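This report refers to the structure that appears directly beneath it.
The values are calculated or read from the model by the stated rules, or taken from the named source; none is laboratory data. These figures come from a predicted structure and were not determined experimentally. We place every Cβ from the backbone using ideal geometry, glycine too, and count neighbours over all the protein chains shown.
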Amino acid sequence: MTITTQSLNFSFIPHHTFNHRQRHHHHHRHLLKPQTKPHAQLSLTTPPSPTSQTTPTTTKVIIIGAGLSGLAAAVRLHSDNIPFLLLDSSDAVGGRVRTDSVDGFLLDRGFQIFITGYPEATKVLDYKALNLQKFYSGAKVYYNGTFHTVADPLRHFTDAIQSLTNPIGSVFDKSLIALTRLRVLTQSDDQLLTADETSTVDLLQRIGFSDSIVDRFFRPFFGGIFFDRELETTSRLFDFIFKCLALGDNTLPANGISAIPNQLAAKLPPSSIILNSKAASIHYSDSTYTVKLTSGEVLTSEYGVIVAVEQPEAVKLLAGELVNFSNYSKETVLLHARSTVCLYFSTERSKVPVNDPVLFINGSGHGIVNNMFFATNVASSYGPPGKALVSVSLIGLYEDESDEDLRVKVIEELGSWFGPDVVSLWTYLRTYRVKFAQPNQCPPTDLKKNPKVGVGLYVCGDYRTSATFDGALVSGREAAEALLKDRSLVRAS
């Protein structure tokens, strides 16, 4: 829950904007501490301790940004035994894909679901080790004062049959869902990502879906994925995600969404990951790149630099002589970014009104809540024994409203869903305001951008491909492979 060849062309989640309740860390630079167990994963809830190792100032490749794309680039370079340094300004890897531990609860930084049908992810991640916990394949739609089920007929046949005549679309609408599924499954991923495009809402209307199913199901469901309730996002991304949903399950790793970047980082030499180290500028001279850190230290790369920070930071870091950003600025990118707010509450597990691991979406057309779920129904490990975790998502940043204002409105709204006696027992935990949740991927888009933007300079991130976990992984790998290809050509010549 995403720039063009040689001239980053900007059109989906890296660093988050946090509220005042979050703890702040002192930014002492340190190397990642070696793991004590072969498969142990990095903790994103407890910053690793500094080591006594000295950071080399010269390496073959410098990767700036240890989110999914930066980690994927590092994993690909490491597979060819290419030395690198992976820098990140934060206290842990993951970028936007982070989890905090609060009072025994696992709080993912914003609404994030992992789809097992992602093609790149199946190649680079160990699903079994992630201990993925499944959502119900469908959703409960709040409409006209009650809940209606939308179910995947191949996984929940009885539920799907029983829901055929509910008001969330007609029987014909539900047959169109089956035909759409068949259409995307008979095309390759490349075909979907390069097809003629329009907006998602225009595609749905062209297919023939009624306004009722568009407004009551597609807007809250895919709007929650794109953080775009107007469904202006490109039809290419809709088709790709629809296919991934058809092939896989919506899941959460048992140890939080941060388990995904943790697993990638565990494949890398600990000494190659340098945290609390923010790149201030990149310079190119005499066929060599240097990266200056905000600390004043300068690192040198012999082969090149891969910029894997989120889109607004990439614009800021690369603006100037290296890449032409005359049409873009950090402020412009942020203005058009997709934003979200996620609120967390706790309650007693015995007081949870449903036990199913299902996503609830708002099909009423009213209120500020887009979707919510009881996270401990999906993965019991998201809360301490006897306690339940409630996750509520809004689309947009709501900058003019305080955390307390939003808390009050959410409690009141969900009281109408589940009953005020149930919701009044919920205890507020935390609010996450994610300003750059996703890049804007409205048409026209190019979801197959060349990662090379200059001699020895490469850029990756989900804004370069599809605004998904998978897009970030693909983009990172392709950036590393572009660098490797260029180096082999240099050696050959």
The residue from Glu404, Glu399 that alone is in a helix (DSSP H, G or I), in the same structural domain as Arg109 (by TED's automatic domain parsing) and surrounded by fewer than 17 Cβ atoms within 10 Å (Cβ to Cβ) is Glu404
Helices (runs of 4 or more DSSP H) (entirely within region 128-242) containing at least 2 residues that are buried (at least 18 other Cβ atoms within 10 Å of the Cβ) and outside the structural domain of Cys342 (by TED's automatic domain parsing): 171-185, 189-194, 200-207, 219-226
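Does Leu42 qualify as being of a type in the set (A, V, I, L, M, F, W, C) and modelled with pLDDT under 50?
Yes.
Return the only residue of Pro439, Pro444 being under 26 Å from Thr200 (Cβ atoms) and either out of contact with any helix residue (DSSP H, G or I) (no Cβ under 7 Å at 6 or more places or on another chain) or aliphatic (A, V, I, L, M) (or both). Spell out the reasoning first.
On the way: Pro439 fails: either out of contact with any helix residue (DSSP H, G or I) (no Cβ under 7 Å at 6 or more places or on another chain) or aliphatic (A, V, I, L, M) (or both).
Result: Pro444 is the single residue among Pro439, Pro444 that is under 26 Å from Thr200 (Cβ atoms) and either out of contact with any helix residue (DSSP H, G or I) (no Cβ under 7 Å at 6 or more places or on another chain) or aliphatic (A, V, I, L, M) (or both).
Looking only at residues that are of a type in the set (Phe, Trp, Tyr) and surrounded by 21 or more Cβ atoms within 10 Å (Cβ to Cβ) in region 111-127, which one is farthest from Arg96 (Cα to Cα)? Reasoning before the result, please.
Keep residues of region 111-127 that are of a type in the set (Phe, Trp, Tyr), which gives 111, 114, 118, 127.
Going one step further and asking which of them are surrounded by 21 or more Cβ atoms within 10 Å (Cβ to Cβ), we end up with 111, 114, 118.
Details: Phe111: 11, Phe114: 13, Tyr118: 18 Å.
Within region 111-127, the match that is farthest from Arg96 (Cα to Cα) is Tyr118.
Please go through region 79-97 and pick out each residue that is touching a helix residue (DSSP H, G or I) at 6+ places or on another chain (Cβ under 8 Å) and either of a type outside the set (Asp, Glu) or not in a loop (DSSP other than H, G, I, E, B) (or both).
Just the residues of region 79-97 that are touching a helix residue (DSSP H, G or I) at 6+ places or on another chain (Cβ under 8 Å), to begin with: 80, 82-86, 88, 93-95, 97.
Scanning region 79-97 gives Ile82, Pro83, Phe84, Leu85, Leu86, Val93, Gly94, Gly95, Val97.
Hey, any hits in region 303-318 for a residue that's of a type in the set (S, T, N, Q) and out of contact with any helix residue (DSSP H, G or I) (no Cβ under 9 Å at 6 or more places or on another chain)?
no
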Would you be able to tell me the number of residues in region 424-445 that are under 22 Å from Gly224 (Cα atoms) and not in a strand (DSSP E or B)? 7
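When you go through Thr340, Thr332 one by one, which is the residue that is at pLDDT below 90, of a type outside the set (Gly, Ala, Ser) and under 24 Å from the mean Cα position of the chain (by Cα)?
On the way: Thr340 fails: at pLDDT below 90.
Testing whether each residue is at pLDDT below 90, of a type outside the set (Gly, Ala, Ser) and under 24 Å from the mean Cα position of the chain (by Cα) leaves just Thr332.
May I ask you to list the residues in region 98-127 that are assigned to a strand (DSSP E or B) and polar (S, T, N, Q)? Please lay out each step first, then the result.
Let us first name the residues in region 98-127 that are assigned to a strand (DSSP E or B), namely 99-102, 105-108, 114-115.
Within region 98-127, Thr99, Ser101 qualify.
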Looking at (1) under 28 Å from Ser295 (Cβ atoms); (2) at pLDDT below 95; (3) buried (at least 21 other Cβ atoms within 10 Å of the Cβ), find the lone condition where Ala72 falls short. (2)
